[in-house]
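See structure below.
What follows draws every value from the coordinates through simple rules; no lab data is involved. No experiment lies behind these values; they were computed from the predicted model shown. Positions of Cβ are generated from backbone atoms using ideal geometry, with glycine treated the same way; all protein chains shown enter the neighbour counts.
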Amino acid sequence: MSAVFENVTCKFCGCLCDDIAVEVEDRRILKAKRACPNGLGMFLNYDPTLQSPLVEGKEVEWDEAVSAAADILSRADSPLIYGLSSTSSEAQRKAVELADRLGAIIDSTSSVCHFPTTLGFQMVGGAACTLGEVKARADLLIFWGCNPMEAHMRHFTRYSANAKGFLTPNGRRDRTVVVVDVRPTKTAKTADRFLQIEPGTDYEVLTSLRALIKGKDINEPVGGLPSEQIKELVQMMKTCRYGVAFFGMGLTMTAGRGYNVAEIFALGAELNQYTRFFAMPMRGHGNVAGADQVITWLSGYPAAVSFARGYPQFGPGEFTSVDVLARRETDAALIIASDPMAHFPRKAAEHLERIPAILMAPVTNCSSQVANVILPTACYGIDAPGTAYRMDNVPIRLRSVMQKVRPTDEEMLMRIMEAVKQ
Amino acid sequence: MIGIIGGRVFDPMNGINGTIQDIWIKGGKIVSQEEVDPQKARRIDASGQVVMPGGVDLHSHISGAKANAGRKLCPEDSRRLIRARTGFFRSGSGYTVPSTHLTGYLYAEMGYTTVMEAASAPLVARHTHEELQDIPIIDKGVLITMGNNHFIMKCIQNGEMEKARDYVAWLLEASKGFGIKIVNPGGVENWKYGKNVQNLEDEVIGFGVTPRRILSALARIREELKLPHPPHIHGLSLGRSGNADITVETIKSMEGIDAHFCHIQFMSYGGKPGEFPKSAAVKVAQAVTENPHITVDVGQVLFGPATTMTSDAPFEFSLSRKIGAKWVNNDLESESGGGVVPLTYKRNDPVHSTMWSIGLELFLLIEDPWRVYLTTDHPNAGPFSGYPEVIRMLMDRDFRAQEFEKIHKKAMKNSILPELNREYTLNEIAIITRAGPAKRLGLKNKGHLGVGADADITVYANLENKAEMFAHPAWVIKDGEVVVRDGKLIREQLGRTLYVSPSYEKAIEKDIRAHFDNSYTVSFENYPIAPEHIGPSEKLTCD
């Protein structure tokens with residue numbers, strides 16, 4: 001007998017679509033109605049059966065795995081806790097507590113995606129709105145260095161380009177969509193205007209937009225764009241009713257990084273003297289925004305936090321995971337709900353391979369290859385409930401659609417904490 | 001069992017003004033002496049000391065989307081105050097916006113045991129509750145912003161007041177809120193079109209209602225639902241020169257219905273818009289005195305760093321443009337908005353000095369201490385850790401005069417502060433910092449030391465320097481356990497989240513569901529917060 005669960009939240013990406021109908025039979029998901037291909041993969045491929053934890057590749061009892069993990073962490077002089085973007089905020093809270101007790105460094109996957117967004121935000125602030133306001137009001141949408149058609153597949157229909165709201169009853173026809181990118185993407189193909197800029201020129205283009213808004217004139221091409229095109233974009237931005245610029249890693253992880261983001265945030269703020277305008281990051285993993293939130297309320301800082309001195313210290317470039325690993329400044333790692341081996345630069349990955357590592361995750365991934373202790377935990381949003389923060393920082397409940405047999409990240413972290421204390 | 005023996009007790013709710021009395025505690029409650037075995041009770045010698053109920057703060061931004069944006073925005077603020085972990089206690093950071101555990105520790109170490117989070121939009125209340133669970137020791141609650149809510153404005157427009165009432169009840173239950181917060185009614189909705197409201201008759205775009213109608217509807221709904229706390233109002237034109245007139249008009253517009261006006265220091269400016277603000281404290285204090293159903297808290301400015309954060313999003317935008325500071329804004333679908341701007345109050349700034357003076361004038365001019373409460377609108381006018389300094393200025397005329405000498409000359413010239421000779425008594429301080437706010441919040445077990453009250457008690461050494469005295473209590477007891485000794489935390493425990501759940505006609509859910517389908521990006525089913533997701537809690541009855 002199968003059962004259907006309505007209003008299930010998909011935590012694959014930062015869209016956190018909470019309208020999925022999940023059909024379950026014998027602890028196996030048969031269907032996930034309304035989920036995009038990305039989300040569908042997550043629901044259908046997850047195997048919720050209980051798996052033994054592994055220590056050095058050998059199946060062991062949970063107690064033994066917990067004490068092995070605690071042992072690694074207590075022996076370390078400078079442990080790193082990394083990941084957190086696909087776990088629940090309840091587990092993230094425990095992870096920060098563990099970092100505090102251990103004197104560890106804690107960092108989330110933001111470190112390699114939107115950490116420059118944090119740095120830009122700290123420089124100039126940022127004006128944003130919830131995705132419901134985008135749906136209801138936005139008549140100008142700019143997608144800058146991001147490709148929602150492939151990465152956030154329901155963004156257009158649920159929240160932005162095609163959504164219908166009270167000031168946008170005709171959906172797509174009530175909006176103008178502009179894409180700025182270095183190459184034609186699937187998203188660019190749907191745009192009313194596609195501005196293809198030369199790689200690495202985001203900062204210059206953004207600065208030119210700001211200059212034009214401030215009344216300066218520009219008569220030369222910038223970033224490969226003729227000045228007329230830039231002027232036209234400025235005109236569109238100044239005269240729209242409610243404009244939103246979404247940006248992705250095309251802006252945050254290219255030359256300029258945090259300065260690019262500060263520039264787009266400053267541009268947004270300045271446009272509010274003419275109309276309403278916002279700049280917002282397209283957050284990737286389902287609860288990466290939550291990791292920022294939780295680490296911030298518990299320590300005062302959003303990522304790259306070291307508790308080594310007994311109190312929280314914030315160190316971009318100093319306590320960011322890739323830097324800590326590449327400089328060999330950590331001697332043990334606890335990886336939670338993420339896969340650094342798949343994403344980190346070689347130098348950082350090589351050190352991760354060298355040091356004792358614990359992986360706490362619902363699925364096998366590249367990092368499983370190097371972890372000395374593997375704790376196969378439940379998957380929040382499938383067999384464990386919890387809380388996650390959408391890309392616009394709206395908190396949404398993750399439901400569970402089956403009785404769990406695996407322990408959750410939160411439970412594991414509490415057990416490790418107990419074991420560390422002893 | 002604990003006995004607090006021989007202290008001078010200030011329990012204004014029960015008419016006890018400095019008499020020497022013993023207080024007995026059992027099972028987290030205050031009990032009569034007969035109920036304890038004096039041989040078995042732990043005895044705390046309070047002779048020569050001052051005993052008061054635990055402090056109650058009815059307006060402080062300690063948690064949720066705005067507070068956390070403030071933390072994230074300002075690593076410089078987190079570096080101003082750090083605390084290392086010691087033994088069982090967590091580390092933390094943040095001077096104007098402390099991290100969550102540090103917030104609980106600092107409040108407790110100052111003798112405060114109950115704090116009301118001043119504002120959360122219901123859509124992000126789940127976030128607020130997550131943070132509140134990480135604020136230990138103190139009890140807390142959340143005021144829910146409703147002054148720009150589409151569903152409510154639509155009901156008012158259509159004259160459907162019962163529907164609006166049922167919705168408010170549903171919303172408080174769904175968000176696990178404590179009361180109704182109104183921030184710049186209609187102005188935040190208009191800000192979504194780049195506009196604002198200037199007076200009570202201005203129209204809210206798309207809804208055909210006015211700030212006046214929103215205020216009066218929500219005030220009446222509160223009465224009908226018998227909520228413990230009246231509507232908590234942040235009015236129009238906050239921070240603008242000349243706003244005292246609209247403040248007085250808004251107070252009068254309540255027409256005898258209960259209301260609380262928060263941080264009125266920010267709402268008591270004379271002069272013309274855009275020009276230098278003058279004090280209109282006399283005018284506002286008079287309006288408060290003449291309208292006995294109105295209470296206020298002050299929002300006293302403290303010189304030094306602050307972080308402004310409010311649902312009054314258009315205010316934050318204009319502030320940031322004026323002072324050139326970094327600006328955070330968030331518009332929230334169908335409900336509200338908000339903003340954050342860091343700011344440092346300086347003595348050598350004539351406007352800041354004037355604001356400082358206006359706050360003190362209001363404290364001293366409003367004669368009935370039961371109707372004015374101590375706040376700094378934390379962290380808008382300064383951090384709550386500055387309360388002891390404010391207490392000293394209220395209790396010690398000479399100290400106040402000394403501080404006055406340091407402010408900007410231009411502010412001095414316009415101030416009536418030197419003419420105000422009043423000095424608050426310990427009993428009056430007990431009223432404005434615990435008995436008064438507890439009574440106004442409708443918390444029957446807080447803010448007093450009568451039998452049956454929660455055993456939340458603070459014992460102070462009776463020092464000449466009142467700032468010193470109130471900054472470092474000798475003992476703080478929460479729920480019958482000693483949590484602070486000589487100003488230092490010695491025990492961590494969880495506090496409770498206080499919320500209300502008034503009854504309503506369930507048929508309303510059909511309309512609300514339709515509203516969700518049209519206007520929200522979160523489904524109706526996933527919006528309400530279950531009681532088990534807010535940690536230890538206490539549901540207050542509405543009667």
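What are the residues whose amide H is under 5 Å from the amide H of A:Phe247, where those residues sit 5 or more places off or on another chain and H is modelled from the backbone?
Result for A:Phe247 returns A:Trp144, A:Met280, A:Met282.
Run the quick spin-label model on B:Glu275 and B:Glu525: label points 7 Å from Cα toward the beta carbon, then report their separation in nm to one decimal.
Computed distance between label sites B:Glu275 and B:Glu525 equals 6.1 nm.
Counting helices only, and only those DSSP H runs with n ≥ 4, report the 222 nm mean residue ellipticity of chain B as the sum of -39,500 (n - 2.57) divided by its residues, in deg cm²/dmol to the nearest 500.
-9000 deg cm²/dmol
Can you give the Rg and Dmax of chain A based on its C-alpha atoms, in angstrom?
Rg and Dmax of chain A, Cα atoms, are 22.3, 70 Å.
Tell me the trypsin sites (Lys or Arg not before Pro) within region A:273-335 that lie in a loop according to DSSP and have at most 16 other beta-carbon atoms within 10 Å.
The qualifying sites are A:Arg309, A:Arg327, A:Arg328.
I want the local charge near B:Trp327. Using Cβ-Cβ distances under 9 Å, sum +1 for each Lys or Arg and -1 for each Asp or Glu among the other residues.
Neighbourhood net charge equals +1.
Explain nothing, just the number: dipole magnitude of chain B about its Cα centre with +1 on each Lys and Arg Cβ and -1 on each Asp and Glu Cβ, in debye rounded to the nearest 20.
1140 debye
Which ordering of B:His101, B:His59 is given by a fewest-first count of other beta-carbon atoms within 10 Å?
If I rank by nearby Cβ atoms, fewest first, I get B:His101, B:His59.
Whose amide H sits under 5 Å from the amide H of B:Val115, counting only residues 5 or more places off or on another chain, with H placed in the peptide plane?
Distant-sequence amide H within range of B:Val115: B:Asp57, B:Asp139, B:Lys140, B:Gly141.
With the Cα gyration tensor of region A:115-281 giving a ≥ b ≥ c as the square roots of its eigenvalues, does the rule (a/c under 1.5 for rounded; else a/b larger than b/c for prolate; else oblate) give rounded, prolate or oblate?
In terms of gyration-tensor shape, rounded.
For q = 0.15, 0.17, 0.18, 0.19 Å⁻¹, what log10 I(q)/I(0) does region B:219-376 give under the Debye formula with an equal point scatterer on each alpha carbon and no solvent?
-0.83, -1.04, -1.15, -1.26
Which value results for Rg/Rh of the protein assembly as shown when Rg is the Cα radius of gyration and Rh the Kirkwood radius based on the inverse mean 1/r?
Radius of gyration over Kirkwood radius for the protein assembly as shown works out to 0.97.
Hey, with R₀ at 35 Å, roughly what FRET efficiency would B:Glu481 and B:Arg79 work out to, going by the Cβ-Cβ distance, to 0.05?
0.60
Full-extension gain between A:Arg354 and A:Ala211, please, as 0.36 nm times their residue separation minus the C-alpha to C-alpha distance.
46.5 nm
Across region A:115-281, how many lysine pairs, 8 or more apart or on two chains, come within less than 26 Å at their alpha-carbon atoms?
The number of close lysine pairs in region A:115-281 is 14.
I need the shape label for chain B. Rule: rounded when a/c is under 1.5, else prolate if a/b > b/c, else oblate, with a, b, c from the alpha carbon gyration tensor.
Here chain B falls in the oblate category.
Averaging sequence separations of C-alpha pairs under 8 Å and six or more residues apart, then dividing by the length of region B:179-275, give the relative contact order as a whole percent.
Once normalised by length, the contact order is 29 percent.
Ranked from highest to lowest mean number of other Cβ atoms within 10 Å per residue, what is the order of the peptides B:508-515, A:400-407?
Ranked by mean Cβ neighbours within 10 Å, highest first: A:400-407, B:508-515.
In the neighborhood of B:Gly447, defined by Cβ-to-Cβ distances under 12 Å, what is the net charge if each Lys or Arg adds +1 and each Asp or Glu adds -1?
0
Using Cα positions and a limit of under 19 Å, work out the aspartates and glutamates in reach of B:Lys40, with same-chain residues fewer than 8 apart set aside.
B:Asp22, B:Asp479, B:Glu481
Within the set of other residues whose C-beta is less than 10 Å from the C-beta of B:His472, count the net charge using Lys and Arg as +1 and Asp and Glu as -1.
Here the charged neighbours net out to -2.
How large is the Rg to Rh ratio of region B:434-543 when both quantities use alpha carbon positions and Rh follows Kirkwood?
That ratio equals 1.15.
Residues with amide H under 5 Å of A:Phe5's amide H, sequence separation 5 or more or different chain, H placed in the peptide plane at 1.01 Å from N; which?
A:Val22, A:Glu23, A:Val24
Length gain on complete extension for the stretch B:Glu538 to B:Thr289, per 0.36 nm per residue less the alpha carbon to alpha carbon distance?
Value of the extension gain: 86.2 nm.
For A:Gln422 and B:Asn199, what does the FRET efficiency come to when R0 = 60 Å and r is the distance between their Cβ atoms, rounded to the nearest 0.05?
0.35
Determine ³J(HN,Hα), in whole Hz, for all residues of region A:139-154 in sequence, where each value follows from phi through the Karplus function 6.51 cos²θ - 1.76 cosθ + 1.60 and θ = phi - 60°; x replaces Gly and Pro.
The phi angles translate into 10, 10, 10, 10, 10, 10, x, 9, 9, x, 4, 10, 9, 10, 5, 9 Hz.
Would you mind ranking A:Leu267, A:Leu359 by Cβ crowding within 10 Å, fewest neighbours first?
Fewest-to-most ranking of A:Leu267, A:Leu359: A:Leu267, A:Leu359.
In a solvent-free Debye calculation with one equal scatterer on each Cα, what is log10 I(q)/I(0) for region B:283-421 at q = 0.09 Å⁻¹, listed in the order of the q values?
After summing over all Cα pairs, the log10 values are -0.30.
Residues in region B:264-282 near a label at B:Asp245, defined as backbone nitrogen under 17 Å from the 7 Å Cα→Cβ point?
Under 17 Å, as judged by backbone N against the label point of B:Asp245, lie B:267-282 of region B:264-282.
Set the Förster distance to 45 Å, then compute FRET efficiency between A:Gln369 and A:Arg193 from the Cβ-Cβ distance, nearest 0.05.
My answer for the efficiency is 0.50.
Where does each of A:Leu209, A:Leu84 land when they are ranked from fewest to most other beta-carbon atoms within 10 angstrom?
Ranked by crowding around the Cβ, least crowded first: A:Leu209, A:Leu84.
Which ³J(HN,Hα) values, rounded to whole Hz and listed in residue order, are derived for region B:293-309 from phi using the Karplus coefficients 6.51, -1.76 and 1.60 in 6.51 cos²θ - 1.76 cosθ + 1.60 with θ = phi - 60°, glycine and proline given as x?
Along region B:293-309, the couplings run 7, 9, 10, 9, 10, 8, x, 5, 6, 10, 5, x, x, 9, 10, 7, 8 Hz.
Starting at the first residue of region B:381-396, write each ³J(HN,Hα) from the Karplus equation 6.51 cos²θ - 1.76 cosθ + 1.60 with θ = phi - 60°, in whole Hz, x for Gly and Pro.
Listing the rounded values in order: 9, x, x, 4, 5, x, 3, x, 5, 5, 4, 4, 5, 6, 8, 10 Hz.
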